[in-house]
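Structure, as structure tokens:
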């Protein structure tokens, strides 16, 4: 499908292939499962991959002229990697800077030049390189569907050796944090079982019960952040050290989510954007056609909630409506922030904004954390 998305006049073929892709992906998620309880997390991983695959397949099938690199008018016209375009054009819009900054321009040009080099380009023809890059691109860096996606600024040296050393240490730290939290959670009776469990203990006094559930929820969230970073660091090491990718092709996957001062900032900039296009395809784009910008926001968050709950179903869990409900509430809260700005003329930010984010994620999100313990 990715190959066809880079070829002209293949729209009908892609549409005809889509039902096969969807049915095969769903069957692989729910038709073949790991029965050993301690391997149940692999069922979740397979389902997650399958739904991302379906979302990407729908996106490629419905894109009438295929997928273009940024600055490309006809698929296949540009021979350089899409990430080279992103390295040349992406600016950190979170930091004020002069538009005529020569140093920034030189850095962007150098990053683009490095990203345009493919160490093993001679092993594959250009069409195969493009297809693979499009297949594995989740954020869409350098592609038309990734235009406007926030990319965190680099936090590591961009010189190859220094970058690999910094990434390796980051991987070790993430692995250590995840391992410690995983071991700690498994010591909690009824919570650390392979089947998962509730973070709410009915035998405890209300205040103690709330304190314990909050602590477990924060630990679970910290484990998720560390786990995402650890896996991303591992993939970065393989890509840069083995495949010869440029460090600029692997920008940070998150931007310190703990520092968010509004829910919009948290979900659109601080949290990872790996599933952004998936949620837009499943809910955001149809929602916008139905309800404009409000439908776009609510549809995207609804798709996120259904995605998370459907992947949990692959682990043999019963349907839990609290997960989609939590994400719909997040969408409503983001819309509420926009209304607040229109009414007061001030956006949600600062210390009150951070308290608002922590309340939504840590307090209202506790039922979600309880559902995700089975993934640990």
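For the options 168, 201, 282, a Gaussian network treatment of the chain with springs between C-alpha atoms closer than 10 Å singles out 201 as fluctuating the most.
Let me check against my output: what whole-number percent is the relative contact order of the chain, with C-alpha pairs under 8 Å and at least 6 apart?
Details: 510 pairs, mean separation 72.4, N = 376.
With pairs under 8 Å counted, the relative contact order is 19 percent.
Projected label points at residue 159 and residue 35, each 7 Å from Cα along the beta carbon direction, are separated by 5.7 nanometres.
Which of rounded, prolate, oblate describes segment 167-304, given a ≥ b ≥ c as roots of the alpha-carbon gyration tensor eigenvalues and a/c under 1.5 marking rounded, otherwise prolate only if a/b is larger than b/c? In terms of gyration-tensor shape, oblate.
Its alpha carbons give the chain an Rg and a Dmax of 21.6, 66 Å.
The length gained on full extension between residue 172 and residue 124, counted as 0.36 nm times the residue separation minus their Cα-Cα distance, comes to 14.0 nm.
As an exercise, use a Förster radius of 30 Å and the Cβ-Cβ distance of residue 49 and residue 209 to find the FRET efficiency, rounded to the nearest 0.05.
On the way: r = 36 Å, r/R0 = 1.20.
Computed FRET efficiency for residue 49 and residue 209: 0.25.
Comparing 281, 52, 343 in a Gaussian network model of the chain, where Cα atoms under 10 Å apart are tied by springs, the biggest mean-square fluctuation is seen for 343.
When the square roots of the Cα gyration tensor eigenvalues are ordered a ≥ b ≥ c, the ratio a/c for segment 271-376 is 1.5 or more and a/b does not exceed b/c, which makes its shape oblate. Going by neighbour counts of Cβ atoms within 10 Å, the residues 159, 36 line up, fewest first, as 36, 159. Between residue 16 and residue 3, the simple label model (points 7 Å from Cα in the Cβ direction) yields a spacing of 1.6 nm. Helical content alone sets the calculated 222 nm signal of the chain at -18500 deg cm²/dmol, taking -39,500 (n - 2.57) per DSSP H segment of four or more residues and averaging over every residue.
We did not get these values from a lab; they are worked out from the coordinates using the rules stated. These numbers were taken from a predicted model, which means no experiment stands behind them. With ideal geometry, Cβ positions are generated from the backbone for all residues, glycine too; neighbour counts draw on all protein chains shown.
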